[in-house]
């Protein structure tokens, strides 16, 4: 890739690459943003839009009393287009900034592609730009990963990520689930107190079968839906079954033993089960 001109080359059109491209262009720099989707797909992406979310659709807490919320407040002050698009695509999610993933990626994509100083090049980059920004994340192509490995002089690289499964709305039995938000909080303006999540109560047998299946599955320790100790320690399972702060009694009504995964919604009726 020729990076000898005055343009700044960015490899990867995800959240980081899109934000970097916008911020540089906003400051008067000409940016060439390289994205291989549209020419070559990945195992996880479904579209060729920039900033497509393939993992969870939550950006974590909105509360400035913790690091997650404070970071987002600072990014808003700095004119982050990722946060602008997230706020516009927000759906109820308790105290979390939860978004409709399609509306979110469309918002970032339209902003970046319409900027007069940003050129989008659809190609697979196999060599590192110099100078430039590499923001390809865990779905980096094999050829580029090899270039990064060689430049760093290491034997191997490790990229980790997880995909939150999508649950169809019509597959949920409303006679079993109950609606509630974590800790009874909802920070999205204009939303009632009905709760942003559909919670799935389980009997003791269902709960133990659920944990046994997780324990037997292929695992990456950084992306487990439940603490590893709970999967293998009987006493930890007992503690995990106790009602957590903010959890309603509806979860154990009618013989329920534990509350299982919670489902968030988008604006089209689908439900997403996040890692819990």
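Taking the numbered list (1) farther than 30 Å from residue 188 by Cβ; (2) surrounded by fewer than 18 Cβ atoms within 10 Å (Cβ to Cβ); (3) in contact with a helix residue (DSSP H, G or I) (Cβ under 9 Å, 6 or more places away or on another chain) in turn, residue 137 passes all entries but (1). Being surrounded by 13 or more Cβ atoms within 10 Å (Cβ to Cβ) and either farther than 15 Å from residue 96 by Cβ or free of Cβ contacts under 8 Å to residues at least 12 places away in the same chain (or both) is a description that does not apply to residue 53.
Checked against the criterion of being buried (at least 19 other Cβ atoms within 10 Å of the Cβ) and either free of Cβ contacts under 8 Å to residues at least 12 places away in the same chain or within 24 Å of residue 32 (Cβ to Cβ) (or both), the candidates 101, 106 yield just one match: 106.
Restricting 9, 29 to residues that are in contact (Cβ under 8 Å) with a residue 40 or more places away in the chain, surrounded by 14 or more Cβ atoms within 10 Å (Cβ to Cβ) and within 24 Å of residue 141 (Cα to Cα) narrows the list to 9.
Quick note: the coordinates plus some simple rules give every number you see, no bench work behind them. Bear in mind the structure is a predicted one, so any value in this text is a computation, not a measurement. For neighbour counting, all protein chains shown are included, and Cβ atoms are generated from backbone atoms with ideal geometry for every residue, glycine included.
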